[in-house]
Amino acid sequence: MEQKILELLNGIYPVDLIKLEAVTNEMYRCTGAQGEYFARITNYKGYDEQVEEVAYTNFLHKAGLGVSPTILSINGQEVEKITINNKEVLTVLYESAPGKHLSRKEWDADVLKALGRQIGKLHRLSRKFEETYPTRYINDWHQNEEYAFLKYIPEEETAIREVAQEILTKIKNLPKDKANYGLLHGDLWLENVVVDRDLKLTMVDFQDCEKHFYAFDLAVPIYSAIEYSFVGGGNIMEYGRSITKAIIEGYQEENDISSEMLEKVPLFIKLKEVFEYSLMHMYWNKDKLTEEQIRIMNHFRMRIENGYTFIDINGLL
């Protein structure tokens, strides 16, 4: 399978790839004579939406933001159609991002402040992109299947369904304008950030880019850091406060955000938490759950049903 993909990529891109390894079931690390690349091969989004997404990320790269540029095919296309096992799929080839994924203990306030600055730049440039290239195919967040919480969370889980519906209603009813709503990354958990020397950051994997409240791009890395990157050595609540403060301060160095939207960051963190819980029901086989999957789901159930709040934003404003 991987050899077949390697041959297909070499046939449509002006590169000489000699090795290919799967990172996920959609992303492949490619080693070539000219350097390292990543190939995304998926039908997660349709052709028109992927073309629009790539136009967006290439705009960001050309504007100087840390984003991996695409490699044009020999046909001059940024999104190509290929056939694997009699199935047509879409592929995009990216230059490899400089740097590395940090270990969990390296995600401190300094790195997260730098990430906040990058997110601030991202949203400034997103507004410029939409002013120049109005999007037609990239969805508003609530139009995406992953937000159909009540379709996937079981009916018997009444308390969680009520919480999910309340969060969706509150966020859909928030007033939106060009200052607080637009194109964003959508999945800035820390695995989608690569760090080079001197805290130079590159954001990767824009596959989940969508139109959303900009505050969501702040909520996701805060949630990600608390959920996955705290490894002890202190108080997790203090860690959450310190990284939240750092991200917000970094963001404000590059972009404006109203106090009203900052106050909503815990709400967007809760949206992300319910989103993750709904995905478990969406993708996990409920008849073949492992012991670890059951443990994780119960952990989420307890937090959501008991109204646990990751951070208290009031003391940080």
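The lone criterion from (1) open to solvent by less than 20 Å² (accessible area, probe 1.4 Å); (2) of a type outside the set (D, E, K, R); (3) at pLDDT 95 or above; (4) not in a loop (DSSP other than H, G, I, E, B) left unmet by LEU6 is number (3). Residues that are within 20 Å of the chain's Cα centre (by Cα) and of a type in the set (D, E, K, R) within segment 73-104 comprise GLU95, LYS100, ARG104, listed in sequence order. Look through segment 242-279, keep the residues that are farther than 29 Å from GLU145 by Cα, touching a helix residue (DSSP H, G or I) at 6+ places or on another chain (Cβ under 8 Å) and small (Gly, Ala, Ser), and return whichever of them is surrounded by the fewest Cβ atoms within 10 Å (Cβ to Cβ). Ranking the qualifying residues of segment 242-279, first place goes to SER242. In the condition set (1) assigned to a helix (DSSP H, G or I); (2) open to solvent by less than 60 Å² (accessible area, probe 1.4 Å); (3) in contact (Cβ under 8 Å) with a residue 40 or more places away in the chain; (4) out of contact with any Phe, Trp or Tyr (no Cβ under 8 Å at 6 or more places or on another chain), GLU227 is compliant with all but (3).
Would a scan of segment 134-146 turn up a residue that is under 20 Å from the mean Cα position of the chain (by Cα), open to solvent by 10 Å² or more (accessible area, probe 1.4 Å) and hydroxyl-bearing (Ser, Thr, Tyr)? So far as segment 134-146 goes, yes, one or more of its residues are under 20 Å from the mean Cα position of the chain (by Cα), open to solvent by 10 Å² or more (accessible area, probe 1.4 Å) and hydroxyl-bearing (Ser, Thr, Tyr).
Name every residue in segment 106-124 that is among the hydrophobic types (A, V, I, L, M, F, W, C), in a helix (DSSP H, G or I) and open to solvent by less than 20 Å² (accessible area, probe 1.4 Å), in order of residue number. Give the steps one after another, and end with the answer.
So in segment 106-124, the residues among the hydrophobic types (A, V, I, L, M, F, W, C) come out as 107, 109, 111-112, 114-115, 119, 122.
Now restrict to residues that are in a helix (DSSP H, G or I): 109, 111-112, 114-115, 119, 122.
Once the filter is applied, which keeps residues that are among the hydrophobic types (A, V, I, L, M, F, W, C), in a helix (DSSP H, G or I) and open to solvent by less than 20 Å² (accessible area, probe 1.4 Å), segment 106-124 yields VAL111, LEU112, ALA114, LEU115, ILE119, LEU122.
Can you say whether ALA159 is in a helix (DSSP H, G or I), at pLDDT 95 or above and crowded, with 17+ Cβ neighbours inside 10 Å, as far as the supplied structure shows? In short, no.
Given the condition assigned to a helix (DSSP H, G or I) and either touching a helix residue (DSSP H, G or I) at 6+ places or on another chain (Cβ under 9 Å) or closer than 23 Å to ILE247 by Cβ (or both), answer yes or no: does some residue in segment 131-141 qualify? Among the residues of segment 131-141, at least one is assigned to a helix (DSSP H, G or I) and either touching a helix residue (DSSP H, G or I) at 6+ places or on another chain (Cβ under 9 Å) or closer than 23 Å to ILE247 by Cβ (or both), which makes the answer yes.
Can you tell me which residues in segment 40-84 are closer than 24 Å to LYS200 by Cβ, aliphatic (A, V, I, L, M) and either free of Cβ contacts under 8 Å to residues at least 24 places away in the same chain or not in a helix (DSSP H, G or I) (or both)? Matches in segment 40-84: ALA63, LEU65, VAL67, ILE71.
The values are calculated or read from the model by the stated rules, or taken from the named source; none is laboratory data. A quick note: this is a predicted structure, and the numbers were derived from the prediction, not measured. Cβ atoms come from the backbone with ideal geometry, glycine included; neighbour counts cover every protein chain shown. All accessible areas refer to the heavy atoms of the entire protein, side chains included, with ligands and DNA or RNA removed. Shrake-Rupley method; radii C 1.70, N 1.55, O 1.52, S 1.80 Å.
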